[in-house]
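Trainee: Following this message is one structure expressed as structure tokens.
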Amino acid sequence: MPSDQSPSEPEPFRRSRLAERLLPGGTEPDPRFTLANERTFLAWIRTSLALLAGGIAIEAFTADLFVQPVRQGIAILLLALGMLLSAGAAVRWLRVERSMRRKAPLPLPLIVPLLAGAGALAAAVIIVVIALG
């Protein structure tokens, strides 16, 4: 190689525009932490899918167990909770990822009390219906 040419340096990695908008600034965290955050997100999504399946099952298969308004109310509660949990999981993933990139404390998991409260409410409704039935 002639002395006036330097070896080509690799071009720096460029993130997509979407990644730059969602995760501005900071430094790349250890991939293990990012992957752990992703696994947590997927666990929340599995829970969301279970709630959605439960809502569908309540509506489809319990006509002989519950009166229509109670059955419909429980199904709607489970479906709405599944929808909110899915959205909350995405927001949680993003907030944790941003915190890790900024080396800031992790945010409080706001979806935990939502899930616990709605789950307790659904269980209470079912208990009341069974006790009165």
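Each value in this text was obtained by applying a stated rule to the coordinates, not by laboratory testing. Computed from a prediction, not measured in an experiment: that's the story for all the values here. Backbone-built Cβ (ideal geometry, glycine too); neighbour counts: all protein chains shown.
Trainee: Compute the length gained on full extension between L18 and F61: take 0.36 nm times their separation in residues and subtract their Cα-Cα distance, giving the result in nm to one decimal.
Mentor: Separation in residues times 0.36 nm, less the Cα-Cα distance, equals 11.2 nm.
Trainee: Got a sec? Charge dipole of the chain, +1 on Cβ for Lys and Arg, -1 for Asp and Glu; which of A87, P107, I58 is way out at the positive end?
Mentor: It is P107.
Trainee: Something else: Filter the trypsin sites (Lys or Arg not before Pro) in the range 67-133 down to the DSSP loop ones having no more than 15 other Cβ atoms within 10 Å, then list what survives.
Mentor: In loop regions of the range 67-133 (DSSP not H, G, I, E or B), the sparsely surrounded trypsin sites (Lys or Arg not before Pro) are K103.
Trainee: Can you tell me the Rg and the Dmax, both Å, for the Cα atoms in the range 6-85?
Mentor: Taking only Cα atoms of the range 6-85, I get Rg and Dmax of 22.1, 79 Å.
Trainee: Using the 2.2 N^0.38 Å rule of thumb for compact globular proteins, work out how the range 29-132 stacks up: its C-alpha Rg over that value, please. The partial results should precede the final answer.
Mentor: Working: Rg = 17.0 Å, N = 104, 2.2 N^0.38 = 12.8 Å.
Here the answer is 1.32, to two decimals.
Trainee: Could I ask something else about it? Calculate the spin-label point distance for R102 paired with A131, positioning each point 7 Å from the Cα along the beta-carbon direction, and give it in nanometres.
Mentor: Each label point lies 7 Å from its Cα, and together they span 4.6 nm.
Trainee: Something else: Could you state the angle between the C-alpha long axis of helix 111-132 and the longest principal axis of the C-alpha atoms of the chain, as a value from 0 to 90 degrees rounded to the nearest 10?
Mentor: 10 degrees
Trainee: State, as an integer percentage, the relative contact order of the chain based on alpha-carbon contacts under 8 Å between residues 6 or more apart.
Mentor: For the chain, the relative contact order is 29 percent.
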